[in-house]
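Data block below; observations after.
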Amino acid sequence: MPASKIKQIKYESETWKRLLSFMMDENTHLKNRLAEILKDDFDTNLLEEVERFQSSFIKEDLLIGLLRNDIAEIDALLKERYEDEIILNMIDFKLKSLRNNIVNAEKQFGNLKLSFNHYMSKKMKYG
């Protein structure tokens, strides 16, 4: 495999790691916000929807963990012999799949954040 392609894959890998780290941090902030809301004078009629968000935040943590594992697999494959056609095909297949999964995860998480913030601004009591 050409050195320039390896360099590009490593660059993408590092970019994805930073993105997933950011998503993990944001997800933690959302869960903390949810905990704050539950501590305050909380309308128990909203409990079902709040539980749905909590469940979604937990699923995001799991998805992020899976994506991190996929990135680690690619990083490990890059340490193998690059002339081996089987490994080259495996890397290309995993890269294509991971790129799609990262894009979908980023969209999904963005939608979850927007939905949560919109819901909270609509449903929470002010003052």
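Looking at the chain, which longest stretch skips every one of the trypsin sites (Lys or Arg not before Pro) that is in a DSSP loop with at most 13 other Cβ atoms within 10 Å, leaving the sites themselves out?
Counting only loop sites that pass the neighbour cut-off, the longest clear stretch is 1-78.
Reachable lysines from Lys7, Cα under 24 Å, same-chain residues fewer than 8 places away excluded?
Result set, ordered by chain and number: Lys17, Lys79, Lys94, Lys96.
Evaluated at 37 °C with a viscosity of 0.692 mPa s, what Stokes-Einstein diffusion coefficient in µm²/s does segment 31-102 have when Rh comes from the Kirkwood expression over alpha-carbon pairs?
The Stokes-Einstein estimate is 216 µm²/s.
For segment 3-59, state which chymotrypsin sites (Phe, Trp or Tyr not before Pro) are in a DSSP loop and have at most 15 other beta carbons lying within 10 Å of their beta carbon.
Phe42
Compute the helix-to-body angle for 3-39: its Cα long axis versus the longest principal axis of the chain, expressed 0 to 90° and rounded to tens.
10
Please give me, ordered by residue number, the GluC sites (Glu not before Pro) of segment 1-93 that lie in loop per DSSP and have at most 12 other Cβ atoms within 10 Å.
Sparse-neighbourhood loop GluC sites (Glu not before Pro): Glu83.
Could you calculate the contour length gain from Asp75 to Ser55, that is, 0.36 nm times the residue separation minus the distance between their Cα atoms, to one decimal place in nm?
Fully extending the segment from Asp75 to Ser55 adds 4.1 nm.
In degrees, nearest 10, range 0 to 90: what is the angle between the Cα axis of helix 85-123 and the longest Cα principal axis of the chain?
Long axis of 85-123 versus the principal axis of the chain: about 10 degrees.
For a test of the definition: using alpha carbon positions, the gyration tensor, and the 1.5 limit on a/c, classify the chain as rounded, prolate or oblate.
In terms of gyration-tensor shape, prolate.
Quick note: the coordinates plus some simple rules give every number you see, no bench work behind them. Bear in mind the structure is a predicted one, so any value in this text is a computation, not a measurement. We place every Cβ from the backbone using ideal geometry, glycine too, and count neighbours over all the protein chains shown.
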